[in-house]
Amino acid sequence: RSPDEEAALAVVDRMKEGWQKLDGDLILSLFHDDAVMQSMMKEPYRGKAEIKAMLDGFFAIATAVRMEVLNRRVEGNVVTLERRDHFTARGKSGILPAVGIFEVEDGLIRTWREYYDWGMYERQIAD
């Protein structure tokens with residue numbers, strides 16, 4: 001791996017750590033000011049203010065997150081994580097298969113695209 005690839009992996013590893021610590025400030029610090037984060041079945045969050053609002057909303061209902069990484073790949077500045085996200089939200093535990101694609105520039109996440117079944121997540125936390 002090149003030094004740039006190692007650096008991109010380190011940023012994504014810190015992001016993963018932030019989720020597991022339920023630390024929205026840490027996660028937000030890893031994004032460019034004009035970053036885009038998108039769960040592909042929904043409209044994107046553009047910029048840190050929108051990403052922060054999404055994180056605040058999720059962390060208001062979540063009490064645990066663990067990203068079980070099944071496959072991790074880096075090519076240049078692009079990191080791909082195939083995962084099973086274990087979570088507890090609204091008092092209910094679930095597992096969500098997901099793939100995240102991260103584009104890292106200058107040591108920060110520029111773009112994060114998530115692919116998962118939104119309905120599967122909603123069913124697991126439904127009342």
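The values are calculated or read from the model by the stated rules, or taken from the named source; none is laboratory data. Worth saying up front: this structure is predicted, and the values here are computed from it rather than measured. All Cβ positions, glycine included, derive from the backbone under ideal geometry; neighbour counts span all protein chains shown. Each accessible area value is taken on the protein alone, full model and side chains, heavy atoms only, with ligands, DNA and RNA left out. Shrake-Rupley method; radii C 1.70, N 1.55, O 1.52, S 1.80 Å.
Below are the figures for this structure:
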item: Residue that is open to solvent by less than 40 Å² (accessible area, probe 1.4 Å), within 18 Å of Ile125 (Cα to Cα), part of a helix (DSSP H, G or I) and not aromatic (Phe, Trp, Tyr), where the choices are Leu28, Leu55, Leu9; result: Leu55
item: Count - residues of segment 31-50 that are part of a helix (DSSP H, G or I) and within 21 Å of Asn77 (Cα to Cα); result: 2
item: Which numbered condition Glu82 misses (of (1) outside any strand (DSSP E or B); (2) open to solvent by 40 Å² or more (accessible area, probe 1.4 Å)); result: (1)
item: Which listed residue is of a type in the set (Gly, Ala, Ser), more than 28 Å from Pro3 (Cβ to Cβ), open to solvent by 60 Å² or more (accessible area, probe 1.4 Å) and in contact with a strand residue (DSSP E or B) (Cβ under 8 Å, 6 or more places away or on another chain), from Ser93, Ser39; result: Ser93
item: Considering residues of segment 58-75 that are touching a residue at least 12 places away in the same chain (Cβ under 8 Å) and in contact with an Asp or Glu (Cβ under 7 Å, 6 or more places away or on another chain) only, the residue nearest to Ile125 (Cα to Cα); result: Val65
item: Residues of segment 32-81 satisfying the condition of being within 18 Å of Gly100 (Cβ to Cβ) and among the hydroxyl-bearing types (Ser, Thr, Tyr); result: Ser39, Tyr45, Thr80
item: Hey, Met15 touching a residue at least 60 places away in the same chain (Cβ under 8 Å), within 17 Å of Tyr116 (Cβ to Cβ) and part of a strand (DSSP E or B) or not; result: no
item: When residues of segment 88-118 are limited to those that are among the small types (Gly, Ala, Ser) and part of a strand (DSSP E or B), the one farthest from Ala62 (Cα to Cα); result: Gly100
item: Among (1) open to solvent by 70 Å² or more (accessible area, probe 1.4 Å); (2) of a type outside the set (S, T, N, Q); (3) touching a Lys or Arg at 6+ places or on another chain (Cβ under 9 Å); (4) at pLDDT below 95, the one test that Ile125 misses; result: (1)
